[in-house]
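The block underneath contains the structure these notes are about, expressed in structure tokens.
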Amino acid sequence: MSDKKSITREMATEIILHAKKEKGLTFDEIAEIVGRHPVWTASAIMGQATMDEDEAEKLAQLLELDSGVAKALQEIPYRGSLDETIPVDPLIYRFYEMIQVYGTSMKSIIHEKFGDGIMSAIDFKMDIERKEDPNGDRVVITLDGKFLPTKKW
């Protein structure tokens with residue numbers, strides 16, 4: 001792909017995912033080279049986080065992509081990748097379902113423990129692990145966000 005043609009974030013994601021598949025790499029392997037957590041790296045590849053120049057160049061070099069892709073990864077994204085309609089992908093829908101079922105309970109418990117406020121999605125970490133279980137392997141997701149109290153003025 002020519003450096004002269006401007007590459008959008010969406011195009012960069014498509015190009016990266018194709019190259020990732022062609023090279024048989026995992027997000028863990030890419031993250032190790034980029035120097036970031038695998039979930040954050042996947043988020044940046046999907047267009048939801050901004051890589052700095054060094055991170056973007058490492059990824060482009062690993063996947064043998066041109067500088068246009070690296071430049072696109074450095075643009076500040078428009079965050080929030082899902083449409084306003086209920087997601088139909090079964091895995092993403094289950095997260096929607098979890099929030100529908102447990103969201104008010106989570107909110108109540110957070111407010112009980114911390115007071116009036118929110119959990120940051122900016123000062124935030126996430127981990128996704130596989131836990132072996134004789135009844136079927138488990139998905140363990142840890143959400144770790146800073147508590148931000150509601151301010152009065």
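Values in this text are rule-based calculations from the coordinates and carry no lab data. Fair warning: this is a prediction, and the values are worked out from it, not measured in the lab. So basically every Cβ, Gly included, is an ideal-geometry build from the backbone, and we count neighbours across all protein chains shown.
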According to a simple spin-label model (label point 7 Å from Cα along Cα-to-Cβ), what is the distance in nm between Ser67 and Leu148? 3.6 nm
Degrees, to the nearest 10: 53-62 long Cα axis against longest axis of the chain: 60 degrees
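Given only helices, namely DSSP H runs of n ≥ 4 each adding -39500 (n - 2.57), what is the per-residue ellipticity at 222 nm of the chain, to the nearest 500 deg cm²/dmol?
-15000 deg cm²/dmol
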Pop out the ³J(HN,Hα) list for the stretch 99-105 in order, Karplus 6.51 cos²θ - 1.76 cosθ + 1.60 with θ = phi - 60°, rounded to Hz; leave Gly and Pro as x. 5, 4, 7, 10, x, 5, 5
So how much slack lies between Ser105 and Val139, counting 0.36 nm per residue of separation and subtracting their Cα-Cα distance, in nm? 10.2 nm
Around Asp52, with a cut-off of 14 angstrom between Cβ atoms, what is the net charge of the other residues, counting Lys and Arg +1 and Asp and Glu -1? -2
Given [x] 54, 53, 31; [y] 52, 35, 28; [z] 57, 43, 31, which label gives Cα extents along the principal axes in Å as computed from the coordinates? [x]
Dipole magnitude of the stretch 13-153, debye to nearest 20 (Cβ charges: Lys/Arg +1, Asp/Glu -1, about Cα centre): 620 debye
Loop trypsin sites (Lys or Arg not before Pro), the stretch 1-100 (other Cβ atoms within 10 Å of the site Cβ: 16 or fewer; DSSP): Lys4, Lys5, Arg79
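What is the gain in length, in nm to one decimal, between Arg130 and Glu112 on full extension, counting 0.36 nm per residue of separation less the C-alpha to C-alpha distance?
Gain on extension, Arg130 to Glu112, equals 3.5 nm.
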Set the Förster distance to 30 Å, then compute FRET efficiency between Asp123 and Glu84 from the Cβ-Cβ distance, nearest 0.05. 0.70
Phi to ³J(HN,Hα) by Karplus 6.51 cos²θ - 1.76 cosθ + 1.60 over the stretch 85-98, Hz, x for Gly, Pro: 6, 5, x, 9, 4, x, 5, 5, 4, 5, 5, 4, 4, 4
For helix 9-23, report the angle its Cα long axis makes with the longest principal axis of the Cα atoms of the chain; keep it between 0 and 90° and round to the nearest 10°. 80 degrees
Among Trp40, Thr85, Val69, flag the residue with its Cα farthest along the positive direction of the charge dipole of the chain, charges on Cβ as +1 for Lys/Arg and -1 for Asp/Glu. Thr85
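Step through the table entries Lys71/Lys151; Lys131/Lys151; Lys20/Lys125; Lys20/Lys146; Lys71/Lys146; Lys21/Lys125, compare each Cα-Cα distance with 28 Å, and write down the pairs that go over it.
Listed pairs above 28 Å: Lys71/Lys151; Lys131/Lys151; Lys20/Lys146; Lys71/Lys146.
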Would you mind giving the three semi-axes, in whole Å and largest first, of the ellipsoid equivalent to the stretch 9-73 according to its Cα gyration tensor? 14, 13, 11
The rounded separation in angstrom of the Cα centers of the stretch 18-68 and the stretch 83-101 is 26 Å
